[in-house]
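The values are calculated or read from the model by the stated rules, or taken from the named source; none is laboratory data. This one's a predicted model, so the numbers in the text were calculated from it and none came from an experiment. For neighbour counting, all protein chains shown are included, and Cβ atoms are generated from backbone atoms with ideal geometry for every residue, glycine included. To get the accessible areas, we keep the full protein, side chains included, count just its heavy atoms, and leave off ligands, DNA and RNA. Shrake-Rupley method; radii C 1.70, N 1.55, O 1.52, S 1.80 Å.
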Amino acid sequence: MEVYKFLDYSYMMKQKNKEREKLLQSTTLQEIKIAVLCGATFGIIEEFLEVFLLHYGIKPTFFIGEYNRFFEEACFPNERLKEFAPDIVLIHVTNKNLLGSTNLNGILTQSLAEEQQRLIQMWEALEEQYHCVIIQNNFEYFLHRIIGNAARYHRDGVVKYIDDINQFITSYASNDNLYINDIHFLSAYVGLDNWYDDRMWSMYKYPVSMVVAPRYALNVANIIKSVLGKNKKTIITDLDNTLWGDIIGEVGVDNIKLGNETAQGEMFSLLHQHLKYLSKHGIILNICSKNEYETGMSGIHSDKSILHEEDFIIKKINWNEKYINIKEIMKQLNLYEEAAIFIDDNLVECDSVKNMIPEVEVLQMSSVGKFLKEMDVLSFFELTAETREDEQRIQYYKGNEARNEQKKQYANYEEYLESLNMVCYVDKVGDKNIDRVVQLINKTNQFNFLTKRYAKEEMIETIQKQNTVTFTLELEDKFGSNGIVSVAIIRMDEAAAYIDDWVMSCRVFERGLEFVMLRLICELCAGHRIDSLYGYYRKTTKNIKIAHFFKDVGFEKKGCGQEEEVEEWICNDIGSLLNKCSRDNIELRWV
């Protein structure tokens with residue numbers, strides 16, 4: 001699916017049903033329940049939103065609230081909504097739903113205070129009743145300012161009124177499980193005159209013109225896919241006419257278009273700044289270019305380049321087919337191909353990668369301006385939460401590359417592991433690490449036994465249960481820290497313990513950390529004189545690597561759990577299992 005095409009309203013209307021049926025054929029869709037509390041008609045936006053979510057591998061089920069009863073449905077008992085049990089609530093409102101919108105000649109400062117209180121009531125009621133993710137629209141400007149430029153600073157100015165409300169929402173969202181659907185930006189981007197359609201509002205109560213409805217839907221879809229851990233993780237870029245203008249092997253490094261000397265060079269420098277910013281926030285940059293290595297790298301080493309060699313993790317600069325290099329890059333990063341974006345100016349190369357690795361998102365660099373616009377609209381890297389691990393991710397991967405180089409010096413793998421001087425820090429899930437824990441569980445696919453996904457509020461509720469114990473593992477070695485890389489949630493009763501969730505980051509595969517976690521779980525059981533430990537496994541296309549894990553360590557298969565597709569495994573010999581988990585090459589330290 002070429003998402004950008006579907007932002008055209010006419011194209012979307014013609015293709016949405018066909019595209020929906022095609023996307024529904026996938027067997028790996030993640031199901032999610034979305035409640036929409038409406039201050040305006042949702043209608044066709046729901047259909048558009050479904051198409052975009054299906055493209056991201058998410059199958060939504062919708063609860064559409066009654067028109068203009070968003071406050072009542074959020075704040076008062078609602079059996080239908082309670083039975084629906086939403087994972088996400090979208091509060092679909094615009095400035096037409098503001099208390100001040102019907103009294104623009106009145107005292108807007110008074111309306112502002114009332115509006116803030118109304119919003120807080122809704123958010124707190126939804127959090128208390130449903131413990132779910134909340135997506136709240138902020139507000140677009142009114143089309144008419146009435147008193148002109150003074151509307152921005154006058155105490156009853158309509159521009160100031162919207163600014164103050166939006167600032168209030170922003171401040172609240174920064175401290176809670178609330179995400180902003182920024183229609184304030186969208187309306188500015190398309191222009192207020194294009195945003196509004198008075199006829200559609202008067203006749204059907206649609207809050208936006210139909211031409212911008214797909215963009216509205218995509219903006220919501222981007223938040224949801226980010227919350228569910230479906231963002232892209234890495235960029236693989238070509239060099240010539242992609243990171244600079246011209247072919248460096250023909251014109252030489254001094255004559256490439258990069259820097260402030262030419263308009264084209266300035267645009268490529270702007271691209272460098274964007275990529276540098278993404279790298280700062282944990283997006284992994286790599287190079288895949290047909291060129292001589294030294295020639296290609298001379299552009300990166302140039303004084304004109306904002307990007308430097310250390311900004312890139314893997315550099316495949318050779319004459320191999322690009323799809324082969326891309327496969328090798330993803331294997332080295334231990335990521336699935338669908339986590340990657342490939343950028344190239346050459347249509348033939350783009351087409352080749354599309355055909356050979358259809359999971360990779362391919363973007364053709366026809367111009368820097370168009371490319372940056374596309375990156376912004378499609379929001380491959382939508383940021384809904386940022387942890388210490390995000391900020392340090394590039395260093396983690398650089399450490400892995402150093403580990404891979406050192407591995408070559410040892411005669412066997414065990415000798416190599418011993419040389420790493422690994423230390424594992426054990427902690428419980430709590431306030432200081434819960435954001436990372438939720439992120440790790442939601443993003444991890446390969447070492448993830450059940451592929452459950454959690455909102456932050458759900459995780460808080462889980463860890464507060466009296467019969468639940470949690471473990472987090474942070475791995476450190478002589479190359480540095482890997483951050484929190486594993487989480488397990490154990491439920492206990494008098495007779496048995498149950499591994500309700502267990503994930504481990506792909507960055508630390510084959511380091512023995514899974515046995516460290518299992519040892520901790522066994523010691524927990526032994527300490528409570530529990531003889532039976534249950535484990536569960538739901539097969540997906542991505543976690544086949546651990547399909548036989550429980551069998552290999554000595555569990556016996558009982559059959560299926562309450563859900564038919566979930567295998568249930570049991571170990572009745574905790575002592576024997578504990579002996580199998582002994583690992584002398586990893587030191588354990590409790591935080």
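Can you tell me which residue within segment 110-129, out of those that are in contact (Cβ under 8 Å) with a residue 40 or more places away in the chain and of a type in the set (S, T, N, Q), is surrounded by the fewest Cβ atoms within 10 Å (Cβ to Cβ)?
In this case the residue turns out to be Q121.
For residues that are part of a helix (DSSP H, G or I), in contact (Cβ under 8 Å) with a residue 40 or more places away in the chain and open to solvent by 20 Å² or more (accessible area, probe 1.4 Å), tally how many sit in segment 550-591.
Total meeting the criteria: 3.
In segment 130-148, what count of residues is obtained for those that are in contact (Cβ under 8 Å) with a residue 60 or more places away in the chain and β-branched (V, I, T)?
Residues meeting the conditions: 2.
Could you list, in sequence order, the residues of segment 169-199 that are closer than 23 Å to Q116 by Cβ, more than 21 Å from the chain's Cα centre (by Cα) and open to solvent by less than 40 Å² (accessible area, probe 1.4 Å)?
Those that are closer than 23 Å to Q116 by Cβ, more than 21 Å from the chain's Cα centre (by Cα) and open to solvent by less than 40 Å² (accessible area, probe 1.4 Å): I169, S187.
Return the pairs, sorted by first residue and then second, in which the second residue is aromatic (F, W, Y) and surrounded by 19 or more Cβ atoms within 10 Å (Cβ to Cβ), the first residue lies in segment 44-60 and is more than 15 Å from V3 (Cα to Cα), the beta carbons are less than 7 Å apart, and the residues are 6+ apart or on different chains.
I45/Y216
Would it be correct to say that V159 is surrounded by 17 or more Cβ atoms within 10 Å (Cβ to Cβ) and either of a type in the set (S, T, Y) or closer than 20 Å to Y196 by Cα (or both)?
yes
Give just the number: which of (1) part of a loop (DSSP other than H, G, I, E, B); (2) modelled with pLDDT under 95 does I313 not satisfy?
(1)
Counting residues that are over 23 Å from the mean Cα position of the chain (by Cα) and closer than 22 Å to R393 by Cα, which helices (runs of 4 or more DSSP H) fully inside segment 426-539 reach at least 1?
By residue number, 513-527.
Report whether or not M297 is of a type outside the set (V, I, T) and without any contact (Cβ under 8 Å) to a residue 40 or more places away in the chain.
yes
Check every one of the helices (runs of 4 or more DSSP H) wholly within segment 143-231 and list those with 3 or more residues that are modelled with pLDDT of 90 or more and of a type in the set (V, I, T).
Hits in segment 143-231: 158-173, 213-227.
Considering every residue within segment 452-475, establish whether at least one is touching a residue at least 12 places away in the same chain (Cβ under 8 Å), among the acidic types (D, E) and within 25 Å of D584 (Cβ to Cβ).
The answer is yes, given that some residue of segment 452-475 is touching a residue at least 12 places away in the same chain (Cβ under 8 Å), among the acidic types (D, E) and within 25 Å of D584 (Cβ to Cβ).
Restricting attention to segment 272-289, and to residues there that are modelled with pLDDT of 95 or more and more than 21 Å from E401 (Cβ to Cβ), which single residue is surrounded by the fewest Cβ atoms within 10 Å (Cβ to Cβ)?
Q273
For the structure I just gave you, tell me whether I120 is under 22 Å from I88 (Cα atoms), assigned to a strand (DSSP E or B) and touching a Phe, Trp or Tyr at 6+ places or on another chain (Cβ under 9 Å).
When the stated conditions are applied, I120 does not pass them.
Among residues belonging to segment 30-65 that are within 16 Å of G229 (Cβ to Cβ) and touching a Pro at 6+ places or on another chain (Cβ under 6 Å), point out the one that is surrounded by the fewest Cβ atoms within 10 Å (Cβ to Cβ).
Once the filter is applied, the top-ranked residue is I32.
Pairs only if they're at least six apart or on different chains, beta carbon under 6 angstrom, first in segment 157-168 and farther than 12 Å from L119 by Cβ, second open to solvent by less than 10 Å² (accessible area, probe 1.4 Å) and of a type outside the set (A, V, I, L, M); list them, first residue then second.
Between residues of segment 157-168 that are farther than 12 Å from L119 by Cβ and residues that are open to solvent by less than 10 Å² (accessible area, probe 1.4 Å) and of a type outside the set (A, V, I, L, M), the close pairs are Y161/G100; I162/F139.
Which of (1) assigned to a loop (DSSP other than H, G, I, E, B); (2) open to solvent by 10 Å² or more (accessible area, probe 1.4 Å) is the odd one out, the single condition T242 does not satisfy?
That leaves (2) as the condition not met.
Output the number of residues of segment 321-342 satisfying the condition of being open to solvent by 70 Å² or more (accessible area, probe 1.4 Å) and part of a loop (DSSP other than H, G, I, E, B).
2
Working carefully through the options A488, A495, find the one that is surrounded by fewer than 18 Cβ atoms within 10 Å (Cβ to Cβ) and either touching a Lys or Arg at 6+ places or on another chain (Cβ under 6 Å) or on the phi < 0 side of the Ramachandran plot (or both).
Answer to the selection: A495.
Quick one: D345 ticks every box in (1) crowded, with 20+ Cβ neighbours inside 10 Å; (2) farther than 30 Å from T541 by Cα; (3) in contact with a Ser or Thr (Cβ under 7 Å, 6 or more places away or on another chain) except a single one, so which number is it?
All conditions pass for D345, except number (1).
Please specify each residue of segment 1-24 satisfying the condition of being within 23 Å of the chain's Cα centre (by Cα) and free of Cβ contacts under 8 Å to residues at least 24 places away in the same chain.
Within segment 1-24, E2, K5 qualify.
In contact with a helix residue (DSSP H, G or I) (Cβ under 7 Å, 6 or more places away or on another chain), open to solvent by less than 10 Å² (accessible area, probe 1.4 Å), at pLDDT below 90 and among the aliphatic types (A, V, I, L, M): is that true of L90 in this structure?
For L90, the condition - in contact with a helix residue (DSSP H, G or I) (Cβ under 7 Å, 6 or more places away or on another chain), open to solvent by less than 10 Å² (accessible area, probe 1.4 Å), at pLDDT below 90 and among the aliphatic types (A, V, I, L, M) - is not met.
Residues are listed down the side, and each one gets a yes or a no for (1) at pLDDT 90 or above; (2) more than 17 Å from the chain's Cα centre (by Cα); (3) open to solvent by less than 70 Å² (accessible area, probe 1.4 Å):
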residue: N355; (1), (2), (3): yes, yes, no
residue: V362; (1), (2), (3): yes, yes, yes
residue: M365; (1), (2), (3): yes, yes, yes
residue: E374; (1), (2), (3): no, yes, yes
residue: T384; (1), (2), (3): no, no, yes
residue: N400; (1), (2), (3): no, yes, yes
residue: R403; (1), (2), (3): no, yes, yes
residue: M422; (1), (2), (3): yes, yes, yes
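Just the residues that are farther than 16 Å from C581 by Cα, in contact with a helix residue (DSSP H, G or I) (Cβ under 9 Å, 6 or more places away or on another chain) and open to solvent by 30 Å² or more (accessible area, probe 1.4 Å), please, taken from segment 501-535.
D531, the sole residue that qualifies.
With segment 1-90 as the region, which helices (runs of 4 or more DSSP H) entirely inside it contain at least 3 residues that are within 22 Å of T541 (Cβ to Cβ)?
9-23, 43-55
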